[in-house]
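Visitor: Mind looking over this structure? Questions follow.
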Amino acid sequence: MTVEPSHSLTERLLTLAPERSRGVLVAAYETFLQFGVRRASMQDIAKQAGISRAALYLHYRNKTDIFRALMAHYFTASSGLVAEALEEGGSATEALRRAFAVQTGEAAAVMMASPHAEELLSLKQSVARDIIAEGTQSLARVYGAWLRKGVAEGWISKVGAGTDPEATAQAMLAALDGLKHAGLPPAGHVAARDRLAELFGRALTP
């Protein structure tokens, strides 16, 4: 059974962004989905936001800065939601299902449906690859801390967590990230994500 997140990633992202730039970030997100980052222009974003291009430049220098801001807020929001999901208790499988759901959720589904999905989801092609790498490391620390706590309290297998729980967390994140490039429809992605949570959950259960 899929556990739906109580708060969407998009909603959390917007609460983290400065109020004066929230409209711009929403408009930029929609523009990037439509045109991709490379093809989108500041004029496109300004039009979507309902402001002049000159007004847009008061917020950000260029579209690269906007995309990088989006990614930074995304990982901050994601890390917070994942930590909350993992702390809700239940079995390892249940906790991972919740965490994977809030980490990806509707944001990943929307991006995968975009004709520019490969550009938006690719770490190698991204103009924000340093932010993505740092954000992924931040997520690994959240999962790693959960694994360490579980081992200490006896509900996570010491063997399953490994000698370096953060490295184990990185492996889980790599597997989860790989689903984005599998060409699955949204429902198929959710099913595969839950199967992944179940596989890791079984391996982590003493």
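Visitor: Multiply the residue separation of Ala191 and Lys158 by 0.36 nm, subtract the distance between their alpha-carbon atoms, and state the gained length in nm to one decimal.
Guide: Stretched out fully, the Ala191 to Lys158 stretch lengthens by 9.1 nm.
Visitor: What is the spin-label model distance, in nm, from Asp65 to Ser138 if the labels are put 7 Å beyond Cα along the C-beta direction?
Guide: 2.0 nm
Visitor: Any chance you could run the full-extension gain for Gln34 through Glu88? It's 0.36 nm times the residue separation minus the Cα-Cα distance, nm to one decimal.
Guide: Computed gain between Gln34 and Glu88 is 15.8 nm.
Visitor: Within region 65-108, report the GluC sites (Glu not before Pro) that DSSP leaves as loop and that have at most 13 other Cβ atoms within 10 Å.
Guide: Within region 65-108, the qualifying GluC sites (Glu not before Pro) (loop, at most 13 other Cβ atoms within 10 Å) are Glu87, Glu88.
Any read-out appearing in this document is the output of simple, stated calculations on the displayed coordinates, not a laboratory observation. None of the values given here were measured: they were computed from a predicted structure. Quick reminder, even Gly has a Cβ in these numbers, built from the backbone with ideal geometry, and neighbours come from all protein chains shown.
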